[in-house]
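Down below is the structure, laid out as structure tokens.
The values are calculated or read from the model by the stated rules, or taken from the named source; none is laboratory data. On a predicted model such as this, the values are computed, not experimentally measured, just so you know. Cβ: placed from backbone, ideal geometry, glycine included. Neighbour counts: every protein chain shown. Heads up: the accessible areas ignore ligands, DNA and RNA and are worked out on the full protein's heavy atoms, side chains in. Shrake-Rupley method; radii C 1.70, N 1.55, O 1.52, S 1.80 Å.
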Amino acid sequence: MRQATIYHYQLPMESGVILRDRRLNVREGFILHLQQDQANGWGEVAPLPGFSQESLADALQETQYWLTAWCNGINLADSHLPSVAFGISCALAELTSELPEDADYRKVPLCTGDPDELLINLAKMQGEKIAKVKVGLYEAVRDGMVVNMLLDAIPDLQLRLDANRSWTQAKAAGFTKYVKPEYRSRIAFLEEPCKTPELSLKFAAESGIAIAWDETVRDPAFDVIAQSGVTAIIIKPTLTGSISHCRQLILKAQRIGLTAVISSSIESSFGLTQLARLANWLTPGIIPGLDTLSLMQEQLIRPWPSSNLPLRPVAELPRIWRT
């Protein structure tokens with residue numbers, strides 16, 4: 001016998017979280033609970049405003065449709081809505097014990113503003129030092145100076161940078177000017193520096209700074225191929241699709257020598273723990289990009305190790321649908 005339940009959650013965000021020129025005060029989504037005989041599986045469906053193609057209402061309607069069919073013994077193909085496809089696939093993977101319990105809880109510290117705070121956090125890190133810096137939020141010249149300062153201050157530091165397609169060619173050139181040539185190889189990759197993939201490839205060729213595809217991965221025509229200057233692809237499952245689809249992209253990347261990095265779309269602590277398990281399974285040895293819990297004021301159902309944020313249990317969530 002199959003049963004499914006949907007819970008609704010709203011988690012308060014820290015003040016000042018801005019995504020693509022909109023303030024995100026609350027992170028909202030759904031928790032799915034699947035039951036079949038004695039087995040249980042849980043998943044999170046949480047489209048990210050400004051980034052996901054689907055709205056929260058679209059995701060709920062599609063989830064209800066898919067789960068109704070599943071409870072009636074009909075196994076549908078993956079949903080065409082990425083957040084729904086991923087959340088359901090996680091619940092099914094838990095139900096069948098396909099998703100391993102072991103997880104990679106290492107985090108790449110994220111800097112969106114004050115580099116001094118990042119330096120303090122990096123000083124506490126043991127072993128490999130990797131950090132992520134959001135660029136494109138300020139002037140490109142300032143970004144270049146900050147990156148150069150960080151690489152100069154910590155000789156064994158590797159940086160992952162993310163520009164979210166924000167730079168013109170002129171701004172990208174301004175950034176490059178302030179990063180010493182001898183430091184550029186310590187930029188593991190710069191995600192989507194320019195407004196188009198073509199301009200990003202040109203930036204990589206001219207600057208010697210490796211780039212990674214992020215938004216481009218979700219373009220309908222995207223294929224994982226070797227390209228000069230491209231060293232990695234970023235997989236954000238909530239924005240990309242089911243576990244099987246993400247796994248296909250990762251395997252293609254690994255076959256041609258690209259690094260695949262699993263990254264968050266500001267999921268709850270529940271979703272982040274599943275991403276950590278997915279990363280340990282599909283991208284072993286590669287530190288995932290999951291340092292977004294600090295943007296929230298609460299955890300949900302499953303805690304992230306070492307987090308002191310209060311935990312909201314499933315019993316406190318409104319149950320909005322069941323079959």
Connecting every pair of Cα atoms under 10 Å apart in the chain and solving the GNM, the largest mean-square fluctuation among ARG160, ARG255, ARG106 falls on ARG255
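Between ARG322 and GLU14, what's the calculated FRET efficiency when r is the beta-carbon distance and R0 is 41 Å? Round to 0.05.
Working: r = 33 Å, r/R0 = 0.80.
The computed FRET efficiency comes out at 0.80.
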For the GLU215, ASP116 Cβ pair and Förster radius 22 Å, calculated FRET efficiency rounded to 0.05 is 0.15
With all protein chains present, segment 13-114 has a carbon and sulfur share of its accessible area (1.4 Å probe) in percent of 45
Among GluC sites (Glu not before Pro) in segment 33-119, those in a DSSP loop whose Cβ has at most 16 other Cβ atoms within 10 Å are GLU98, GLU101
Rounded to the nearest 10, the angle in degrees between the Cα long axis of helix 56-71 and the longest principal axis of the Cα atoms of the chain comes to 50
Looking only at lysines whose Cα falls under 30 Å of LYS107's and that sit 8 or more positions away or on another chain, we get LYS124, LYS129, LYS132, LYS134, LYS171, LYS177, LYS180, LYS195, LYS236, LYS252
For the chain, the dipole about the Cα centre with charges only on Cβ (Lys and Arg +1, Asp and Glu -1), to the nearest 20 debye, works out at 280
Here segment 122-134 yields Karplus 3J(HN,Hα) values (6.51, -1.76, 1.60; θ = phi - 60°; whole Hz; Gly and Pro given as x) of 5, 5, 8, 6, 9, x, 4, 9, 10, 9, 10, 10, 7
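Per residue, how many Å² of accessible area does segment 91-159 show with a 1.4 Å probe?
Numbers: 3590 Å² over 69 residues.
Value for segment 91-159: 52 Å² per residue.
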Dipole check, segment 215-297, charges on Cβ (K,R +1; D,E -1), about Cα centroid: among SER268, LEU239, ILE286 the Cα furthest to the positive pole belongs to ILE286
Of segment 30-52, those with amide N under 14 Å from the point 7 Å along the Cα→Cβ vector of SER97 are 38-41
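Figure the gain on full extension for VAL314 and GLN53 (residue separation times 0.36 nm, minus the Cα-Cα span) and round it to one decimal in nm.
91.2 nm
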Inter-part gap, Cα centre of segment 254-292 to Cα centre of segment 25-46, in whole angstrom, is 19
Percent relative contact order for the chain, counting Cα pairs under 8 Å at least six residues apart, stands at 20
